[in-house]
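Participant: Here you go, one structure.
The values are calculated or read from the model by the stated rules, or taken from the named source; none is laboratory data. Fair warning: this is a prediction, and the values are worked out from it, not measured in the lab. Here the Cβ positions follow ideal geometry from the backbone for every residue, glycine too, while neighbour counts run over all protein chains shown.
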Amino acid sequence: MIRLSDIDWRILLGTAVTAVWLGAGLLYFLHQGGTIANIPIENLGSFLEGGFAPLAFLWLVIGMFIQQKELADNTEVMRQTMRMSERQAEVLAASELNQRQEAFFKIADNVKKQLAAVEGMLFISCFGETEGSIVSPETIHDMWHKLATGDADIFARGFLSTDLKPYGGAEKIFYGTAIRRRHTQSFVDTFDRLMRLAENCDQDGIITGTVAGTAHGMVYNMMQSASPNAASARLVDVSKYENIVQQGSG
């Protein structure tokens, strides 16, 4: 059942005005004592036009206002729909980003172990038996043991804590032989891929900053700075790790 409160007030107003207009017209017609039969046929059209034209104009105006309201309502519905679509798109984007981040952390774990293994082989090549056991076999064996038990930075710290100048500097350490060049290039390529993966799932730079600001990042910068193409080499921001080292040594 339709209630009056559900009907647009313009329709109610138009209905009331129409009723009053028709009632007033009927009273006027009766007061004149005439009938339609007494009106000449050539004047009948003018009579009807004069009686109903104002009503036609009234309902035309009312229809325009109602149509404007419906258009405004439809526009608002479209706005709400667009907002919901935008929120859904944001939720989907956040979900996709979370999935990429989860995949990255799983991959990064294995990549860090790979980087540590490359550093270990490079460390042996630089300071092992072939170089006169600069670092004793027992120490190197202990470093491999620590790597196997979860200390992925052990060989990186070994490079960082060693003064390389007595052994020809960073260029000779990392690029002095074919084997060292191969290990160094493998490390650089792997670290670059890890950084690209981090950038692909990082909106605010936290993940890339965390990856770069490690002992691996500092070794990467040493390698890049000592490379033949050092002028165009890419370096990463390791300031966070440097601050940690300074605080620890202080």
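Participant: Going through region 125-175 one residue at a time, which ones are exposed (fewer than 12 other Cβ atoms within 10 Å of the Cβ) and of a type in the set (A, V, I, L, M)?
Facilitator: A148
Participant: State which residue is farthest from the chain's Cα centre (by Cα) when the search covers only region 194-225 and only residues that are under 19 Å from D153 (Cβ atoms), among the hydroxyl-bearing types (S, T, Y) and assigned to a helix (DSSP H, G or I). So that I can check it myself, show each step before the final result.
Facilitator: Initially, region 194-225 is screened for residues under 19 Å from D153 (Cβ atoms), giving 194-195, 198, 207-224.
If we keep only those that are among the hydroxyl-bearing types (S, T, Y) too, we end up with 208, 210, 214, 220.
Adding the requirement that they be assigned to a helix (DSSP H, G or I) leaves 208, 210, 220.
On the way: T208: 15, T210: 19, Y220: 29 Å.
Checked region 194-225; the qualifying residue farthest from the chain's Cα centre (by Cα) is Y220.
Participant: For the condition in contact (Cβ under 8 Å) with a residue 12 or more places away in the chain, in the same structural domain as H216 (by TED's automatic domain parsing), out of contact with any Gly (no Cβ under 9 Å at 6 or more places or on another chain) and of a type in the set (S, T, Y), what is the one hit in S161, S186?
Facilitator: Step by step, each of S161, S186 is checked, and only S186 is in contact (Cβ under 8 Å) with a residue 12 or more places away in the chain, in the same structural domain as H216 (by TED's automatic domain parsing), out of contact with any Gly (no Cβ under 9 Å at 6 or more places or on another chain) and of a type in the set (S, T, Y).
Participant: Does K106 fit the bill of being out of contact with any Ser or Thr (no Cβ under 9 Å at 6 or more places or on another chain), in a helix (DSSP H, G or I) and within 22 Å of V238 (Cα to Cα)?
Facilitator: Against the criterion (out of contact with any Ser or Thr (no Cβ under 9 Å at 6 or more places or on another chain), in a helix (DSSP H, G or I) and within 22 Å of V238 (Cα to Cα)), K106 does not qualify.
Participant: What residue, of F191, F155, F187, is more than 36 Å from the chain's Cα centre (by Cα) and not polar (S, T, N, Q)?
Facilitator: None of the others qualify; the one that does is F155.
Participant: Do we find a residue being in a helix (DSSP H, G or I), closer than 25 Å to I207 by Cβ and in the same structural domain as D189 (by TED's automatic domain parsing) anywhere in region 135-148? So that I can check it myself, show each step before the final result.
Facilitator: Narrowing region 135-148 to residues in a helix (DSSP H, G or I): 137-148.
Keeping just the survivors that are closer than 25 Å to I207 by Cβ gives 147.
This time we only want the ones that are in the same structural domain as D189 (by TED's automatic domain parsing), so: 147.
Yes.
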